[in-house]
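Working notes, beginning with the structure itself.
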Amino acid sequence: GVGVNVTWSYSNKNESTLVTMVVKNLENQHWAALGLSITGKMAETHVFVVQYFADNTIDIKRMINPHKHDRPIDAPPGSGGLFTVVGTKLENNLITGQFELSNFTDSTFSRPQQEINDILPLNQTGLYHPLVATGRLDGTSK
């Protein structure tokens, strides 16, 4: 089966969080996701998706799963902090994806208390329930 291991570390030096997702046995044309939820449910969740495409490329996307949405959508501006893909690799049936979350006081965080599609912007002091899910890519987008 598929296994997902997620670790993260916070750097006081640049006030950023480095997240590493290691996914074992993910089939081609599938995805694995980390959701950060205030409620512990998939609705109203910040989502980070590792995608493994048919051409053997790997990508990481930042998305949100707003209330009343069956599927996550691309995260709009103002979702909280800056999302930067650090790197991806496939080796020995292990996919590793790393991304950084930073600049939470920057202009990218222009609506600090407003909800975005029913989701409060992500912040580094909030308490979140980590959720993990996997599934098949629908083939409509990269």
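The values are calculated or read from the model by the stated rules, or taken from the named source; none is laboratory data. Being a predicted model, the structure only gives us computed values, none of them experimental. Cβ coordinates were reconstructed from backbone atoms using ideal geometry, including for glycine residues, and neighbour counts include every protein chain displayed. In case anyone asks, the SASA skips ligands and DNA or RNA and just uses the protein heavy atoms, side chains included. Shrake-Rupley method; radii C 1.70, N 1.55, O 1.52, S 1.80 Å.
The criterion of at least 2 residues that are over 28 Å from residue 1 (Cα atoms) and either at pLDDT 90 or above or out of contact with any Ser or Thr (no Cβ under 9 Å at 6 or more places or on another chain) (or both) is met by the following strands (runs of 3 or more DSSP E) wholly inside region 26-142: 82-91, 94-102.
Restricting attention to region 70-80, which residues are in contact (Cβ under 8 Å) with a residue 40 or more places away in the chain and open to solvent by 50 Å² or more (accessible area, probe 1.4 Å)? Across region 70-80, the qualifying residue is only 73. Scan region 30-67 residue by residue and report those that are surrounded by fewer than 21 Cβ atoms within 10 Å (Cβ to Cβ) and hydroxyl-bearing (Ser, Thr, Tyr). Result: 37, 39, 57. Out of region 1-20, which residues are in contact with a Leu (Cβ under 7 Å, 6 or more places away or on another chain) and either of a type in the set (D, E, K, R) or open to solvent by 90 Å² or more (accessible area, probe 1.4 Å) (or both)? Once the filter is applied, which keeps residues that are in contact with a Leu (Cβ under 7 Å, 6 or more places away or on another chain) and either of a type in the set (D, E, K, R) or open to solvent by 90 Å² or more (accessible area, probe 1.4 Å) (or both), region 1-20 yields only 8.
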